[in-house]
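See below for the structure under consideration.
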Amino acid sequence: MKGCLLISLDFELMWGMFDVVSKSDYGKSHVENVPLAIDRMIELFNKYNVHVTVATVGMIMYNNKSHLLSDLPFKKPSYDNPICSAYNGIIESIKNNEEKQFFQPDVIEKLKKSAGVEIGTHTFCHYYCWEKGQTMEEFEADIKKACDVAKNNDIVVRSIVFPRNQVSEEHLKICAKYGISSYRGNAIRYFDEPKSKIETYKNRLFRFIDSYLNIGGMTDTLLDEINLSESPINLRASRFLKPYSPILAFLDGFRIRRMKKEMLHAAQNGAMYHIWWHPHNFGAYMDENLLFLEELLKYYKQCNAKYGMNSFTMSEMIEYLKNNEL
């Protein structure tokens, strides 16, 4: 089988950040620019014939907060830490001039009409599977609602990206029950569920260094090592596309070289290279971020021409693997 490039986007708006950033600051500087960022990304994907999965928080599909409040799931996450929950007064606190930081049904319509775009789920409320206090019944209610609201928008959910990459076997079983056939699993082995603050800091340090220098090895996944007997199937992440930073811009040469070498390795060895980011990462320094992305996509076209490398959505990746199963 030929090597494959996968791109998945975590489309979450403020639903994924209300507990860590403010609407007046990050919301205005980054999140409100997401529609334009997505438009420009789609232009590049079309230009280079690259397919993408956009894993979307279900709440984004509503028109406004009153629309959402009229259609909440019957069970909500009972996190021990209520600050993490969108149901802890967050919805009610949204002002009229802030709604575009939370709701973008027009963007959903554009994505539906875009060739090569799959709309997956990022859960309904940006659900945290590792938060203490949550239950499987609450997660199932969330996934059911995510699939239902997608269906109401003529979308069939086949792929999931778990918020903050928090995943467990029990949660996966529920996803399979609702027809979800693939998920983006965690990247290289030092990024697993942290058992302590020290492990969390270690993970962050390793990920940062490895973005520029090869300390973790190649991050692609050989296609024949993907377990097709799983349900859903793990399409493991390879690399987070870090957003542009003026402070770290002098290192971008190392960053692009690191990613190109990984992509080339995947193309030459029949492997999957799965990169991901959030649309809001491109909300600031949009031109710089898009230039970096275009450089990667140009390199993909070289790998496509020389090695036959494919570009797939997550669902297309599953089809390709099953059609070529030995």
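The values are calculated or read from the model by the stated rules, or taken from the named source; none is laboratory data. Just so we're clear, the structure is a prediction, and the values are computed from it rather than from any experiment. Every residue, glycine among them, receives a Cβ derived from its backbone with ideal geometry; neighbour counts consider all protein chains shown.
So here's what we get for this one:
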{"quantity": "Filter result (surrounded by 16 or more Cβ atoms within 10 Å (Cβ to Cβ), among the hydrophobic types (A, V, I, L, M, F, W, C) and either in contact with a strand residue (DSSP E or B) (Cβ under 6 Å, 6 or more places away or on another chain) or part of a helix (DSSP H, G or I) (or both)) within segment 61-77", "calculated": "61, 68"}
{"quantity": "In segment 1-31, residue surrounded by the fewest Cβ atoms within 10 Å (Cβ to Cβ) [restricted to those that are assigned to a helix (DSSP H, G or I) and hydroxyl-bearing (Ser, Thr, Tyr)]", "calculated": "24"}
{"quantity": "Of the criteria (1) modelled with pLDDT under 95; (2) closer than 19 Å to residue 236 by Cα, which one residue 323 fails", "calculated": "(2)"}
{"quantity": "Residue 272 vs. criteria part of a strand (DSSP E or B), at pLDDT 95 or above and in contact with a Cys (Cβ under 9 Å, 6 or more places away or on another chain)", "calculated": "yes"}
{"quantity": "Elements of type helices (runs of 4 or more DSSP H) contained in segment 126-243, each with 3 or more residues being modelled with pLDDT under 95", "calculated": "197-210"}
{"quantity": "Conditions (1) under 30 Å from residue 238 (Cα atoms); (2) β-branched (Val, Ile, Thr); (3) modelled with pLDDT of 95 or more; number of the one not met by residue 94", "calculated": "(1)"}
{"quantity": "Test: residue in segment 297-313 that is crowded, with 20+ Cβ neighbours inside 10 Å, under 19 Å from residue 216 (Cβ atoms), modelled with pLDDT of 95 or more and not acidic (Asp, Glu)", "calculated": "no"}
{"quantity": "Tabulated pairs, segment 50-66, first over 29 Å from residue 318 (Cα atoms), second acidic (Asp, Glu) and surrounded by fewer than 23 Cβ atoms within 10 Å (Cβ to Cβ), C-beta under 6 angstrom, 6+ apart or interchain", "calculated": "64/99"}
{"quantity": "Neighbours by Cβ (under 9 Å, 6+ apart or cross-chain): first from segment 209-237, without any contact (Cβ under 8 Å) to a residue 12 or more places away in the chain and among the polar types (S, T, N, Q); second surrounded by 13 or more Cβ atoms within 10 Å (Cβ to Cβ) and outside any loop (DSSP other than H, G, I, E, B)", "calculated": "227/233; 227/234"}
{"quantity": "Residue within segment 249-262 that is surrounded by 16 or more Cβ atoms within 10 Å (Cβ to Cβ) and under 18 Å from the mean Cα position of the chain (by Cα) present", "calculated": "yes"}
